[in-house]
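Working notes for the structure below.
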Amino acid sequence: MSTPGEMGTESWPLWEVFVRANRGLSHVHVGSLHAPDSDMAVRNARDLYTRRNEGVSIWVVPADAITTSDPDAKGAFFESPAGKNYRHAVYYTKSEGVKHL
Amino acid sequence: MTSPADLSVAGAARGEQSGDEAAQALFDDLIAKDSRIEPRDWMPEAYRKTLIRQISQHAHSEIIGMQPESNWITRAPSLKRKAILMAKVQDEAGHGLYLYSAAQTLGITREEMMLQLIEGRARYSSIFNYTTPTWADMGAIGWLVDGAAICNQVPLCRASYGPYGRAMVRICKEESFHQRQGFEILLELMQGTEAQREMAQGAVDRWYWPSLMMFGPPDDQSPNSAQSMAWNIKRFSNDDLRQRFVGMLVPQAEVLGVTLPDPNLRFNDATGQYDMSEIDWTEFNEVLAGRGPANAERLRRRREAHEDGAWVREAAAEYARKQALKSAA
């Protein structure tokens, strides 16, 4: 299952664009665009998504190469963490008042 | 593996044909909580259609909106003004592309949207069917047209459809430069010679009423507004936004030293709103119906650009195909 908007019928395929805003940060998804190949996708991404110094690095990924979780199975697929609040620090209250814990 | 378009159709069928109301209930619940709908969620067909229409019209407006200003790039009065105008027109192209991408996530191709535009099957904002005879029109477009657009667009950043809201956030960040540069053009003209002041006032006279029409028909004649507001796509009524806009313009006009061309415009202490003359909705409807000053010219140029650029798109696709074959060999 690829990303929303990807359709095999257009003359230029769809690419998803990820931009690193600054050193020390992750690449973050910013949007998508059409381009004939990966070189042009990177150039188009620069022109479309970094006109105001929004990034220092760009990734482009063919939209049809992305695999996503099944949207209809949302509840079931993410069920595992439910009821497991002992995975969070706030679950443990007996140490309240003790410093550096 | 199915494409998202197939999925959405399958989702709609599951939600509607099986009589399963769970999908609708989930949708209603997300709307009630003022949460966001994302591309693969089930959504009512009418919601999908409304969004495709609204987002694609918005995208078309950005693309057609490049024309009245690109007219002036070669004639802008200095190298700095040319560079600024080019940056602005490039932004409009970018805004169109963000919006086409957002619309695509609803299951329509960009090529189909482009065809709807050049074949005259889709609408775009009527404002771009007016002509730009003087340099001061660049100022008035930035101040009034982009100003009205910002007023309309800021609430759209919270539209219930996620990709639309996210596109609008990017767009709004960039629009404020557009409005300020327009204001500055007018301010410089108003501080210039008598002829320059007349030119600035003339442009304000031309663009004031059309910019008020950008908010759409009065609330009691806007049939789709209620549904769009119930879906959290639209947040404020046409008349509310128009009032807010006029409230911002009045003090700005004073700074500029221009007169807003409405003798009946004054603040009403009793209602807390601006009283104003009746808008000429006949003109609005004429332009909407394709009989504005430049409707035919705008579409003709868009169609030419699309057709003249076909060989570039095909050549790039062919080059990419050959390179892929080479690297596979």
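The values are calculated or read from the model by the stated rules, or taken from the named source; none is laboratory data. In this text, all values refer to a predicted model and were calculated from it rather than measured experimentally. FYI the Cβ positions are ideal-geometry reconstructions off the backbone, even for glycines, and counts take in every protein chain you see. Ligands, DNA and RNA are stripped out before the accessible areas are found, and what is left, the full protein with its side chains, is counted by its heavy atoms. Shrake-Rupley method; radii C 1.70, N 1.55, O 1.52, S 1.80 Å.
Observations on the structure shown:
- Odd one out for A:Asn22, checked against (1) more than 9 Å from chain B (Cβ to nearest Cβ); (2) under 20 Å from B:Tyr98 (Cα atoms); (3) in contact with a Gly (Cβ under 9 Å, 6 or more places away or on another chain): (2)
- Some residue of segment A:7-24 being assigned to a loop (DSSP other than H, G, I, E, B), in contact (Cβ under 8 Å) with a residue 40 or more places away in the chain, over 16 Å from the mean Cα position of the chain (by Cα) and surrounded by fewer than 17 Cβ atoms within 10 Å (Cβ to Cβ): yes
- Checking every residue in segment B:78-87 against the condition of being part of a loop (DSSP other than H, G, I, E, B) and of a type outside the set (Lys, Arg) gives at least one match.
The rows are residues; the columns are (1) open to solvent by less than 80 Å² (accessible area, probe 1.4 Å); (2) of a type in the set (Asp, Glu); (3) touching a Lys or Arg at 6+ places or on another chain (Cβ under 9 Å).
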{"residue": "B:Leu288", "(1), (2), (3)": "yes, no, yes"}
{"residue": "B:Ala294", "(1), (2), (3)": "yes, no, no"}
{"residue": "B:Leu299", "(1), (2), (3)": "yes, no, no"}
{"residue": "B:Ala305", "(1), (2), (3)": "yes, no, no"}
{"residue": "B:Ala320", "(1), (2), (3)": "yes, no, no"}
{"residue": "B:Leu325", "(1), (2), (3)": "no, no, no"}
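- Members of segment B:231-252 found to be in a helix (DSSP H, G or I) and touching a residue at least 40 places away in the same chain (Cβ under 8 Å), listed by number: B:Leu241, B:Arg244, B:Phe245, B:Met248, B:Leu249, B:Gln252
- From the list B:Arg14, B:Arg40, B:Arg48, the one residue that fits, being within 14 Å of chain A (Cβ to nearest Cβ) and modelled with pLDDT of 90 or more, is B:Arg48.
- Meeting the requirement of 3 or more residues that are within 14 Å of chain A (Cβ to nearest Cβ), the helices (runs of 4 or more DSSP H) wholly within segment B:105-218 are B:110-118, B:162-190.
- For A:Asp47, the conditions (1) open to solvent by less than 40 Å² (accessible area, probe 1.4 Å); (2) closer than 16 Å to B:Arg170 by Cβ all hold with the exception of (1).
- Given (1) of a type outside the set (Lys, Arg); (2) more than 13 Å from chain B (Cβ to nearest Cβ); (3) out of contact with any Lys or Arg (no Cβ under 8 Å at 6 or more places or on another chain); (4) over 16 Å from A:Glu6 (Cβ atoms), index of the condition A:Ser57 fails: (3)
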